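Here the structure comes first, spelled out in structure tokens, and everything after it is commentary.
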Amino acid sequence: MLRRFVPLATAVVLGTAPWSPAPVAASELPATGVATPASAPADPVPVPVQASGAGPRVCADVVARRFADVRGGTHAANIACLGGLGIAQGGADGNFHPGGNVRRDQMASFLARTLEASGAPLPEQPRSVWSDVTSGPHARPVDQLTALGVIQGNSRGVFDPAGRVTRAQMATMLVRAAEVANGERFATASASGFTDTRGSVHAGSIDLAHGLGIASGVTATRFAPADAVRRDQMATFLVRTLEVVQAPCPAI
């Protein structure tokens, strides 16, 4: 179990009600799938891990694991941190594939390992509810995260494991995972100022993720909710989530 540290932000505070899955007004994915651009924009506010300890506190005592195909860049230190924690394990070839888009089944495994690293319990015998997720390395994490209400299916009633995770979906999943780990819901955040998330079922989670310091926009007014999330970007998002999980904001 990781150490607890001082809060990242004060704009979003914990509520007092025990955590329970939040109802959603629409599915996470449209029936026709997710439109994904050829390349997603880099997250403009990185959180580098530094040997001096000036980076994220959650990585301060982690023995980094380096991947051969990650040789620098905005997200390299956070990838190494997650590798050291066992959250990022790379592909069968031992590489991390930082430029690859995150699949929905992979996202489930990332989140399950993140919750485990934070000390949050996961269901031991989760019920399998998805007809398109019956086997494979990600099947159990998918079932565990479904049971916790962190992830959901699409409007066709399937999970779509090979589907790409969008930035909007990512925000919702990370906020739900942080709430599960903390055992409490976050209070409603103030509007983030993003003009391209209005009317989205994920708008509230995007505002929360922004307020907590988990996710920033591609510009001051654009979140790019339909863009795909790359694996290197997800590493940074997960490190920020661990910071929030290890240091929940006090109720004020």
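The values are calculated or read from the model by the stated rules, or taken from the named source; none is laboratory data. Treat the numbers as computed from the prediction; the structure is a model and nothing was measured. Because the Cβ atoms are built from the backbone with ideal geometry, glycine has one as well, and the counts that use them run over all protein chains shown.
Things to note:
- Of the residues in the stretch 135-147, not one is touching a helix residue (DSSP H, G or I) at 6+ places or on another chain (Cβ under 9 Å), under 30 Å from Phe194 (Cα atoms) and in contact (Cβ under 8 Å) with a residue 60 or more places away in the chain.
- Single residue of Arg113, Arg127, Arg103 found to be surrounded by fewer than 23 Cβ atoms within 10 Å (Cβ to Cβ), of a type in the set (D, E, K, R) and more than 17 Å from the chain's Cα centre (by Cα): Arg127
- Restricting the stretch 194-252 to residues that are among the acidic types (Asp, Glu) and in contact with a Lys or Arg (Cβ under 9 Å, 6 or more places away or on another chain), the residue that is modelled with the lowest pLDDT: Glu243
- Qualifying residues in the stretch 156-193 (those that are touching an Asp or Glu at 6+ places or on another chain (Cβ under 8 Å) and either without any contact (Cβ under 8 Å) to a residue 12 or more places away in the chain or among the hydrophobic types (A, V, I, L, M, F, W, C) (or both)) - the one surrounded by the fewest Cβ atoms within 10 Å (Cβ to Cβ): Ala162
- Yes/no for Gly153 being part of a loop (DSSP other than H, G, I, E, B), touching a residue at least 40 places away in the same chain (Cβ under 8 Å) and touching a Pro at 6+ places or on another chain (Cβ under 6 Å): no
- The stretch 173-212, subset part of a loop (DSSP other than H, G, I, E, B) and among the hydroxyl-bearing types (Ser, Thr, Tyr), residue farthest from the chain's Cα centre (by Cα): Thr195
- Residues in the stretch 175-204 that are closer than 23 Å to Gly119 by Cα and touching a helix residue (DSSP H, G or I) at 6+ places or on another chain (Cβ under 7 Å): Val175, Ala177, Ala178, Val180, Ala181, Asn182, Arg185, Phe186.
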